[in-house]
1. Filter segment 281-309 down to residues that are within 13 Å of the ligand (Cβ to nearest atom) and among the hydroxyl-bearing types (Ser, Thr, Tyr) and give me whichever is farthest from residue 247 (Cα to Cα).
2. With respect to residue 35, is the statement that it is part of a loop (DSSP other than H, G, I, E, B), of a type in the set (Val, Ile, Thr) and modelled with pLDDT of 75 or more true?
3. Do any helices (runs of 4 or more DSSP H) entirely within segment 196-314 hold 2 or more residues that are touching a residue at least 60 places away in the same chain (Cβ under 8 Å), under 19 Å from residue 129 (Cα atoms) and not small (Gly, Ala, Ser), and if so, which?
4. If we keep just the residues of segment 310-319 that are at pLDDT 90 or above and closer than 24 Å to residue 173 by Cβ, which is farthest from the ligand (Cβ to nearest atom)?
5. Looking at segment 175-232 only, could you name the residues that are in contact with a helix residue (DSSP H, G or I) (Cβ under 7 Å, 6 or more places away or on another chain) and aromatic (Phe, Trp, Tyr)?
6. Only one of (1) in contact (Cβ under 8 Å) with a residue 60 or more places away in the chain; (2) within 16 Å of the ligand (Cβ to nearest atom); (3) closer than 16 Å to residue 123 by Cβ; (4) not in a loop (DSSP other than H, G, I, E, B) is not met by residue 379, so which one is it?
7. When you go through 199, 185, 214 one by one, which is the residue that is within 13 Å of the ligand (Cβ to nearest atom) and either of a type in the set (S, T, N, Q) or in contact with a Gly (Cβ under 6 Å, 6 or more places away or on another chain) (or both)?
8. In segment 310-358, which residue that is more than 17 Å from residue 294 (Cβ to Cβ) and not hydrophobic (A, V, I, L, M, F, W, C) is surrounded by the fewest Cβ atoms within 10 Å (Cβ to Cβ)?
Amino acid sequence: MASTVPFSPAKVQMLQATNCHGHAPFGSCFAVPRTGPRPRSVAVRVSSEQEAAAAVRAPSGRSIEECEADAVAGRFPAPAAFVRPKAPDGTPEIRPLDMPKRPRRNRRSPALRAAFQETTISPANLVLPLFIHEGEEDAPIGAMPGCFRLGWQHGLLDEVYKARDVGVNSFVLFPKVPDALKSPTGVEAYNDNGLVPRTIRLLKDKFPDIIVYTDVALDPYSSDGHDGIVREDGVILNDETVYQLCKQAVSQARAGADVVSPSDMMDGRVGAIRSALDAEGFNDVSIMSYTAKYASSFYGPFREALDSNPRFGDKKTYQMNPANYREALLETAADEAEGADILLVKPGLPYLDIIRLLRDNSALPIAAYQVSGEYSMIKAGGALNMIDEEKVMMESLMCLRRAGADVILTYFARQAAAVLCGMGSAAK
Ligand code: PBG
């Protein structure tokens, strides 16, 4: 007969925590306490094969009828007397609230919480942005700890290899272009032997099954640091820029890009790029449109990474006003009508309402871009021990999924995928 051990509250809590066979969303179950006698009236998670074997009694060879006869005759030890776990001294003695609905019931154990979790995230949902340059060595990016301008022939391949190891198969390329190749019209953007097409060919050769996304915009190639061609009076020319973007997208498709992603925010570029791709026979190349891209200060670290700050002014005549919500619906309607395959919202966490807006107003897949500033803030907070970097990283990604994002572009892709694979912070 099991003794009724009066547990201290701490002990009860510990046993409840171990009384599970499910796994916590991103973590493992707590370890079973190995010291002291295990109270037999409490089902405890067994943690080793030895313990599992010890917990199961060997069959005695008796028939079902004999076992049933025991039950009918009541030949089993009586259950232990029921004892309510004690609350600390001084806890007010009250009548429980008359309350039929108690949402906490569904949260009371790891197994229940896991069973009713509404949103999940997997490495397949993550896209890793990669900065590439012509150099052979990888160069750290000051404002983005853990990120590098990768040598396209060496460091890049290593990074892709490691990402694939934890289930990340999608990558988006951002080139750091030598100043000498920048020009007012960004012609280097459609050089078939430029850094991006060269890199796509190499990646596709080494890893044929990965998904290569590209960025379509002139800023890395523009001597003005703008996404489009700048007229003498500072106006960013729309249709002339779209003409260049079409050439850029076709050049990327020719090199083997799977998804071209216009991030420039010119009007009409999705339709024009679709026609240009189709005219060249690239009907199978997808377009991920930056549908709602805001003129955000969260892009600061990225512009340092690529040395792509606008040489004058800002991007407010083409990127959206962060104060606007309805306007995202106009962009959504246009991109859908023009043939976009995926709609992207950028930045991510400060724009969850926009992600949800697009999710509710389009049947297309939605992408969210957790941008450089979001990444760097979490890294900085972690480095200063102000927040738990890994937990905040996972929470921020889960929240983007909850808001409605199918895929997330994030500099955390490899680190987060490692966590999801149970490899902890191995990829930090
Ligand atoms: C430019 C581009 C930017 C980013 C992606 N593509 C910067 C900008 O619009 O100035 C920002 C990404 C980030 O901050 O992580 N076409």
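The values are calculated or read from the model by the stated rules, or taken from the named source; none is laboratory data. Owing to the predicted nature of the structure, the values given are computational and were not obtained by experimental measurement. Positions of Cβ are backbone-derived with ideal geometry, glycine not excepted, and every protein chain shown enters the neighbour counts.
1. Out of the qualifying residues, it is 297.
2. Details: part of a loop (DSSP other than H, G, I, E, B): yes; of a type in the set (Val, Ile, Thr): yes; modelled with pLDDT of 75 or more: no.
The answer is no for residue 35.
3. On the way: elements: 238-255, 269-279, 300-306.
Correct list: 300-306.
4. My answer is 318.
5. Within segment 175-232, 190, 207, 221 meet the criteria.
6. (3)
7. Values: 199 fails: within 13 Å of the ligand (Cβ to nearest atom); 185 fails: within 13 Å of the ligand (Cβ to nearest atom).
Answer to the selection: 214.
8. The qualifying residue surrounded by the fewest Cβ atoms within 10 Å (Cβ to Cβ) is 311.
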